[in-house]
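The values are calculated or read from the model by the stated rules, or taken from the named source; none is laboratory data. In this text the structure is predicted, and so the values were computed from the model without any measurement. Every residue, glycine as well, gets a Cβ built from its backbone with ideal geometry; the counts of neighbours run over all protein chains shown.
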Amino acid sequence: MVISPFLSCVLSDSQLIMEALLDIYILSWNTRGTPRHLKDKVRRYNPTFLVILETHVPFAKLINFCTNNGYTPVNIVEAQGHSGGIWLLQNSATTLIATVIDFNTFSITFNIKSGNVITTCTCIYAIPNPVMHPNLSNHLTTVTPQFPDLKISFK
């Protein structure tokens, strides 16, 4: 527990963590191959992190779109043909530090650090091919060992 001279109350550790992460906004957008409407959403919500799913095109083709809208790549998982694709982008103006822990065709797991506080996020592309669901489920179980009761269902 920490007592802050600037606040008239006592804050628990979990409250301090929530305060440090309060201003993080993540926008996840499934483009289905076209970034139509995405520019409007980015301007409207100004997310800290932008996750673009089902991209269908190489990142190199849209890098100008990202930089012109103030985003830099954290991790890019390219689409395989017309399947998949996950781009994790960070607002260039943020002082947060994003560090990728793990990634594959289905997901990107990363830490967000704000001061001394770190939290973990996973962006998931829930692939529509039911044959691949066990692979995604097994992978998520390995990157989230702190949640032993995590149950993943695609029903």
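Could you tell me whether ILE127 is surrounded by 11 or more Cβ atoms within 10 Å (Cβ to Cβ), modelled with pLDDT of 70 or more and either touching a His at 6+ places or on another chain (Cβ under 9 Å) or farther than 24 Å from TYR25 by Cβ (or both)? Yes; evaluated as a whole, the condition is true for this residue. Among what's in the stretch 91-109 and is in contact with a helix residue (DSSP H, G or I) (Cβ under 7 Å, 6 or more places away or on another chain) and free of Cβ contacts under 8 Å to residues at least 40 places away in the same chain, pick the residue that is surrounded by the fewest Cβ atoms within 10 Å (Cβ to Cβ). The selected residue is ASN104.
For the stretch 42-81, the candidate set comprises residues that are charged (D, E, K, R) and under 17 Å from the mean Cα position of the chain (by Cα); within that set, the residue that is surrounded by the fewest Cβ atoms within 10 Å (Cβ to Cβ) is GLU78. Beta carbons closer than 6 Å, at least 6 apart along the sequence or on distinct chains, pair a first residue in the stretch 136-148 that is part of a helix (DSSP H, G or I) with a second that is among the β-branched types (Val, Ile, Thr) and at pLDDT below 70 for SER137/ILE152; LEU140/ILE152. Summed over the stretch 102-123, the residues that are over 11 Å from ASN75 (Cβ atoms) and of a type in the set (Phe, Trp, Tyr) give a count of 1. Of all the listed residues (LEU140, LEU88, LEU136), the sole one being surrounded by 14 or more Cβ atoms within 10 Å (Cβ to Cβ), on the phi < 0 side of the Ramachandran plot and either of a type in the set (D, E, K, R) or at pLDDT 75 or above (or both) is LEU88.
For first residues located in the stretch 64-79 and more than 10 Å from GLN90 (Cα to Cα), partners that are assigned to a helix (DSSP H, G or I) and lie 6+ apart or on another chain with Cβ distances below 8 Å form the pairs PHE65/LYS39; ASN69/LYS39; ASN69/VAL42; ASN69/ARG43; ILE76/PHE59; GLU78/PHE59. Taking ILE24 as the residue in question, decide whether it is part of a loop (DSSP other than H, G, I, E, B), surrounded by 13 or more Cβ atoms within 10 Å (Cβ to Cβ), at pLDDT 85 or above and among the β-branched types (Val, Ile, Thr). It is true that ILE24 is part of a loop (DSSP other than H, G, I, E, B), surrounded by 13 or more Cβ atoms within 10 Å (Cβ to Cβ), at pLDDT 85 or above and among the β-branched types (Val, Ile, Thr). Summed over the stretch 86-101, residues that are part of a strand (DSSP E or B), over 10 Å from the mean Cα position of the chain (by Cα) and within 13 Å of GLY70 (Cα to Cα) total 1. Residues in the stretch 119-135 that are free of Cβ contacts under 8 Å to residues at least 24 places away in the same chain and either under 14 Å from the mean Cα position of the chain (by Cα) or within 15 Å of VAL51 (Cα to Cα) (or both): 3 in all. In this entry, LEU11 passes the filter for residues that are surrounded by 12 or more Cβ atoms within 10 Å (Cβ to Cβ), of a type outside the set (Phe, Trp, Tyr), over 19 Å from THR94 (Cα atoms) and modelled with pLDDT under 70.
Of all residues in the stretch 51-63, those that are in contact with a strand residue (DSSP E or B) (Cβ under 6 Å, 6 or more places away or on another chain) and free of Cβ contacts under 8 Å to residues at least 24 places away in the same chain total 0.
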